[in-house]
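What follows is one structure encoded as structure tokens, with my remarks underneath.
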Amino acid sequence: MDWSHYRFMSVWDIPAPPDTVYAALERVEDYPQWWPQVRAVTAVDETSGTARFRSFLPYELVVTARQSHRDPDSRVLEVTMTGDLEGWARWTVDPRAGGSRATYHQEVVVRRALMRRLAVPGRLFFRANHALMMRSGRRGLAARLRGV
């Protein structure tokens, strides 16, 4: 088993229409306005950008994400990532009673040297850190879209 390999899934129930949620998730440059752990997003070109993340643990991750799939009709967004994390992430937004369900899937390998060295003893902390970040993102997006 590669202890630096992670698969994540998060489900966000958001009380806003699916197209509205999709549009907000599509505007990655706005993430730092509503998602505290997304510290900065800088466009590289029309389909890629660099993002800096920092959650509870005292380290920052920097990744370059490149759009690999964008389908507004089915409300799917997917990127490939390089940098401190290498892999992919996907948002899928579906209707549900009272709003939307945004499902996030991510599969990555950690490339940051310190995190690789701490892969076994730190795995539980890294997973918890990710969960805290995702919970905060859900709250931030719901607050941003409240009343829409």
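Quick notes on this one:
- Residues located in region 71-100, provided they are over 15 Å from the mean Cα position of the chain (by Cα) and not small (Gly, Ala, Ser): 71, 72, 73, 75, 94, 95, 96
- Residues satisfying the stated conditions in region 26-54, i.e. free of Cβ contacts under 8 Å to residues at least 12 places away in the same chain and either loosely packed, with under 13 Cβ neighbours inside 10 Å or farther than 20 Å from residue 84 by Cβ (or both): 27, 30, 42, 45, 46
- Among (1) in contact with a Phe, Trp or Tyr (Cβ under 9 Å, 6 or more places away or on another chain); (2) open to solvent by less than 90 Å² (accessible area, probe 1.4 Å); (3) over 20 Å from residue 112 (Cβ atoms) - the single one residue 9 does not satisfy: (2)
- Within region 128-148, residues that are under 17 Å from residue 21 (Cβ atoms) reach partners that are small (Gly, Ala, Ser) and not in a helix (DSSP H, G or I) with beta carbons closer than 7 Å, at six or more positions or on different chains, in the pairs 134/10; 145/16; 148/16.
- Entry remark, region 33-54: residues being within 14 Å of the chain's Cα centre (by Cα) and part of a loop (DSSP other than H, G, I, E, B) number 4 in total.
- Region 73-126 - residue that is charged (D, E, K, R), assigned to a strand (DSSP E or B) and touching a residue at least 24 places away in the same chain (Cβ under 8 Å) and, of those, least open to solvent (accessible area, probe 1.4 Å): 107
- Scanning region 79-93 for residues that are under 30 Å from residue 117 (Cβ atoms) and out of contact with any Gly (no Cβ under 8 Å at 6 or more places or on another chain) yields 79, 82, 83, 84, 85, 86, 87, 88, 89, 90.
- Looking only at region 63-72, residues that are of a type in the set (Gly, Ala, Ser) and either in contact with a helix residue (DSSP H, G or I) (Cβ under 9 Å, 6 or more places away or on another chain) or not in a strand (DSSP E or B) (or both) come to 1 in all.
- Considering region 127-146, the residues that are more than 11 Å from the chain's Cα centre (by Cα) and within 14 Å of residue 24 (Cα to Cα) include one that is most open to solvent (accessible area, probe 1.4 Å), namely 146.
- Checked against (1) within 26 Å of residue 145 (Cβ to Cβ); (2) outside any strand (DSSP E or B); (3) hydrophobic (A, V, I, L, M, F, W, C); (4) touching a residue at least 12 places away in the same chain (Cβ under 8 Å), residue 23 passes all but a single condition, namely (4).
- Here residue 17 fits the description: surrounded by fewer than 16 Cβ atoms within 10 Å (Cβ to Cβ) and either closer than 17 Å to residue 73 by Cα or free of Cβ contacts under 8 Å to residues at least 40 places away in the same chain (or both).
- Of all positions in region 55-62, at least one carries a residue that is open to solvent by 70 Å² or more (accessible area, probe 1.4 Å), closer than 21 Å to residue 135 by Cα, modelled with pLDDT under 95 and part of a loop (DSSP other than H, G, I, E, B).
The values are calculated or read from the model by the stated rules, or taken from the named source; none is laboratory data. Small disclaimer: the values here were computed from a predicted structure and weren't measured. Cβ sites come from the backbone with ideal geometry, for glycine too, and all protein chains shown count toward neighbours. What goes into the accessible areas is simple: the full protein's heavy atoms, side chains included, and nothing from ligands, DNA or RNA. Shrake-Rupley method; radii C 1.70, N 1.55, O 1.52, S 1.80 Å.
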